[in-house]
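The structure appears below as structure tokens.
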Ligand SMILES: *Cc1c(COP(=O)(O)O)cnc(C)c1O
């Protein structure tokens, strides 16, 4: 097809404006399996399909925008983590990435545990039948009511995040006649993001108790004295979207160093360490994530080696992947509303959602890719910015991407790798209704989180 729909539009051969893109891909219709859920493909007409269902059908039945989640892929990724770590370790899915009752049931069935960090997440987990002893409760400011609820429910562990919380949880557990299993979250002075980590001065954050200055050792000392607590281990979470294992190496070294100090001072070996989550996924073809078995092997080797050096028996390891399980399993399906070419710059493609269903681009400058989904096209690539319908110029979904030059209103486009931190961070900005999550599996599709309605909005507005 020709580009006649937008004769004034910038051509890829023009001098391109600044941006986070490289040259246009050779084939705009190709779907890089790194960034798309496993059952995604194109049918003989070029329409994007997932689990054997084409997106035009999904859009018709469920509307747009919608998060389309590949259930088989979710289960496969959960299982891959579970299998990679084997029976000597625990995998806690980080519920904040995306949580719903269906997700809780899948996790339960696949043998994973679950991290929650609020009363709402705890309620969701319990209401979908996750056994309390497989739930870990996190957060830097759990309310007394949340702590009480978690202790009463019998959660497997509470991760203590401050000196005050040590006392608070001990007190609440004791008043309920219980002894709560706890881990102590420490900050090891490592902060990792994507390909790099920095190993100085990262105690300057709200989470955890710094290892520096003996504060973590003092926290353990205090916790060990309290009857309401059973200290089972040390917790460290160093960042997110990490590809480089060297940050975990330094973290494990420092956590094991603390275990050794604890053994030397108190004569006990804490039985568990948790190395957190943060493993990266591919948002674009430039990202190269590792497979769960490689991560499991690397982490297990690091901990084993460090413990041998410290002459400690190897503790039970746990990890907390969120994004790495759910992120790649979903894409957001949008309908194109307007296509606005800006001469010499780029073409603005407006969709029927935006920062209310994906805040990550605005919040973190996150990178995404995008594809024309309702058809294929042989038109020339056109440099685009996919934007939403909100009243903010920062309302950007995909900052820089190439789409076919014949893109037109009414086309469906899909943004892959939106399973994590998109629906869970969604808002009602501009009173836009939050999209549904549609799970597709084996040729069937069903809503697992329904679309918000104006009635939902008005129900909260009681003035
Ligand atoms: C956010 C978080 C995770 C999960 O991070 P991902 O990047 O989604 O893997 C795990 N543990 C803790 C403590 C977290 O705060």
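Consider residue 399 carefully, then state whether it is part of a strand (DSSP E or B) and free of Cβ contacts under 8 Å to residues at least 24 places away in the same chain. No. In region 172-191, the count of residues that are touching a residue at least 60 places away in the same chain (Cβ under 8 Å) and more than 20 Å from residue 263 (Cα to Cα) is one or more. If you go through region 297-326 and keep only what is in contact with a strand residue (DSSP E or B) (Cβ under 9 Å, 6 or more places away or on another chain) and within 16 Å of the ligand (Cβ to nearest atom), you end up with 299, 317, 318, 319, 320, 321, 322, 323, 324, 325, 326. When you scan region 398-419, do you find a residue that is on the phi > 0 side of the Ramachandran plot and crowded, with 23+ Cβ neighbours inside 10 Å, even just one? Looking through region 398-419, at least one residue is on the phi > 0 side of the Ramachandran plot and crowded, with 23+ Cβ neighbours inside 10 Å.
For first residues located in region 114-131 and over 24 Å from residue 79 (Cβ atoms) and part of a helix (DSSP H, G or I), partners that are modelled with pLDDT of 95 or more and within 15 Å of the ligand (Cβ to nearest atom) and lie 6+ apart or on another chain with Cβ distances below 6 Å form the pairs 122/116.
Within region 373-390, residues that are closer than 11 Å to residue 28 by Cα sit with their Cβ atoms under 6 Å from residues that are surrounded by fewer than 19 Cβ atoms within 10 Å (Cβ to Cβ), at 6+ positions apart or across chains, in these pairs: 376/29; 376/46; 379/1; 379/3; 380/3; 381/12; 381/24.
Of the strands (runs of 3 or more DSSP E) entirely within region 25-110, those holding at least 1 residues that are assigned by TED's automatic domain parsing to the domain that holds residue 352 and surrounded by fewer than 23 Cβ atoms within 10 Å (Cβ to Cβ) occupy 40-42, 48-50.
Looking across region 349-380 at every residue that is over 20 Å from residue 430 (Cα atoms) and outside any loop (DSSP other than H, G, I, E, B), the one that is modelled with the lowest pLDDT is identified as 364. Specify the residue that is nearest to residue 182 (Cα to Cα); the eligible residues are those in region 261-296 that are out of contact with any helix residue (DSSP H, G or I) (no Cβ under 9 Å at 6 or more places or on another chain) and more than 15 Å from the ligand (Cβ to nearest atom). Applying the filter and picking the extreme gives 271. In region 85-104 there is no residue matching the filter, namely being within 16 Å of the ligand (Cβ to nearest atom) and out of contact with any helix residue (DSSP H, G or I) (no Cβ under 9 Å at 6 or more places or on another chain). Of all residue pairs spaced 6 or more apart or on separate chains, those with beta-carbon atoms under 6 Å, a first member in region 27-39 that is farther than 13 Å from residue 324 by Cα and a second member that is modelled with pLDDT under 95 and assigned to a loop (DSSP other than H, G, I, E, B) are 32/285. Residue count for region 279-321 satisfying the condition of being in a loop (DSSP other than H, G, I, E, B), under 21 Å from residue 259 (Cα atoms) and without any contact (Cβ under 8 Å) to a residue 60 or more places away in the chain: 5.
The values are calculated or read from the model by the stated rules, or taken from the named source; none is laboratory data. Not measured: the values here are computed from a predicted model. Quick reminder, even Gly has a Cβ in these numbers, built from the backbone with ideal geometry, and neighbours come from all protein chains shown.
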